[in-house]
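Worksheet: one structure, shown below.
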Amino acid sequence: MGSVQDPGNFQQRNPDDRHAVVGRRVCRFAVHAVDHASRAQDARRREQPATAPAHAPVEKKQEKAPVIDCGLFLYPCEIPDKDARSFFCYAKLIRRWTDLVNFEPLGEQAVLVRLGMEIREETFYEVTALAAELEARPFPGMWEMIPAFTTLTVFYHPHVSSYEQVCSYVEKALHSRPANSAPTSRVVEIPVCYGGEFGPDLEFVAEQNGLDVQEVVKFHTNAEYLVYMIGFAPGFPYLGGMPEEIAAPRKSTPRIKIPAGSVGIAGKQTGVYPLETPGGWQIIGQTPVRLFRPESERPSLLQGGDRVKFRAVTVDEFQAWQEGETP
């Protein structure tokens, strides 16, 4: 993991500026990688004899250009495969740079710990492992943590620990946390009545992807979803793992009211509205299960790290479940 970074300069830029800086730095790393491989190839040519023995025919192959995954984009380069090994060493270095941990101050009482640049399950597990380590061994003054897709926001009392001290505590926790591995997840099955009055946008999602409504339902129910975080509204789960075949844009004009339990799609994500709120997601169904129960000791039915499976039910099953639900 990287060392604690100075909160000035880079960290205080707005997000667009920071992304531009990252892009420029990654490009420079890529250029250096290409230059290094090219110079290594030239050096080997100088070491080779001027003429090859007559009994050693030279085979010419049409080599594919290796492609570097910089984490932000793919960077193709015309380098023979014999240099690909050193090239990809640099590619790994570049990818590692984009995943370095950054510390960003949020006001005077919080630090945002950024553990990656992309929404990936591996990064999510790194976030949850860090949160578990800090929860088990909190530092002086720590009072709250909020995990997200690629970040963990840590709140603290500044009169107990300074920003620099908090960064040092968190960095120690990064090194002492368990190895990154997927924990055992709880699987929660959520019944959904798709289409009709429960899912007014199901046909739009189907048309958008050249499918019929039953195919959309099949895609949606066959997948297993990871709960990355709870946000937007109390108990609202941000789920990852939705098939791209049923992706759909948000509505151009959000609805003023979306019923509690509505299951929606926005882009490549799906989620469930736990409360009646405004929203712009495409609504494909509704669940009778209450995702937010303020009277319970644990108000949110779902937690980060849970797995969700949707199960299609009929209107009668929906109503029977709703009538039997304890308010």
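Computed from the coordinates by the stated procedures, all read-outs in this text should not be read as laboratory data. Because the structure is predicted, anything quoted here is derived from the model rather than measured. Methodologically, a virtual Cβ is constructed for each residue, glycine included, from the backbone with ideal geometry; neighbour enumeration extends over all protein chains shown.
Miscellaneous remarks
- The GluC sites (Glu not before Pro) of the stretch 282-327 meeting both criteria, a DSSP state outside H, G, I, E and B (loop) and at most 12 other C-beta atoms within 10 angstrom of the site's C-beta, are GLU295, GLU297, GLU325.
- With Rh defined as the Kirkwood radius, the inverse of the mean 1/r over Cα pairs, the Rg/Rh of the stretch 187-324 is 0.93.
- Between THR314 and ALA136, the FRET efficiency from the beta-carbon distance, with R0 = 30 Å, is close to 0.10.
- Between the stretch 249-280 and the stretch 186-224, the alpha-carbon centres lie 14 Å apart.
- Other residues lying with their Cβ under 13 Å from the Cβ of ALA248 contribute a combined charge of -2, Lys and Arg counting +1, Asp and Glu -1.
- For the stretch 235-241, putting each phi into the Karplus relation 6.51 cos²θ - 1.76 cosθ + 1.60 with θ = phi - 60° gives couplings of x, 6, x, 8, 9, x, x Hz, in residue order, rounded to whole numbers and with x for Gly and Pro.
- On the basis of the beta-carbon distance and an R0 of 22 Å, GLU122 and SER185 show a calculated FRET efficiency of 0.90.
- With θ taken as phi - 60° and the Karplus curve 6.51 cos²θ - 1.76 cosθ + 1.60 applied, the whole-hertz 3J(HN,Hα) list for the stretch 139-155 is 8, x, x, 6, 9, 6, 9, 10, x, 9, 4, 10, 9, 10, 9, 10, 9 Hz, x standing for glycine and proline.
- Extension gain for the segment LYS251 to ARG307, taken as residue separation times 0.36 nm less the Cα-Cα distance, is 17.5 nm to one decimal.
- Global geometry of the stretch 97-146, whether rounded, prolate or oblate, following the gyration tensor of its Cα atoms and the 1.5 cut on a/c: oblate
- Pairs of Cα atoms farther than 17 Å apart, the stretch 102-176, %: 36
- Counting other Cβ atoms within 10 Å as a rough exposure proxy, the listed residues ARG177, ARG255 run ARG255, ARG177 from fewest neighbours to most.
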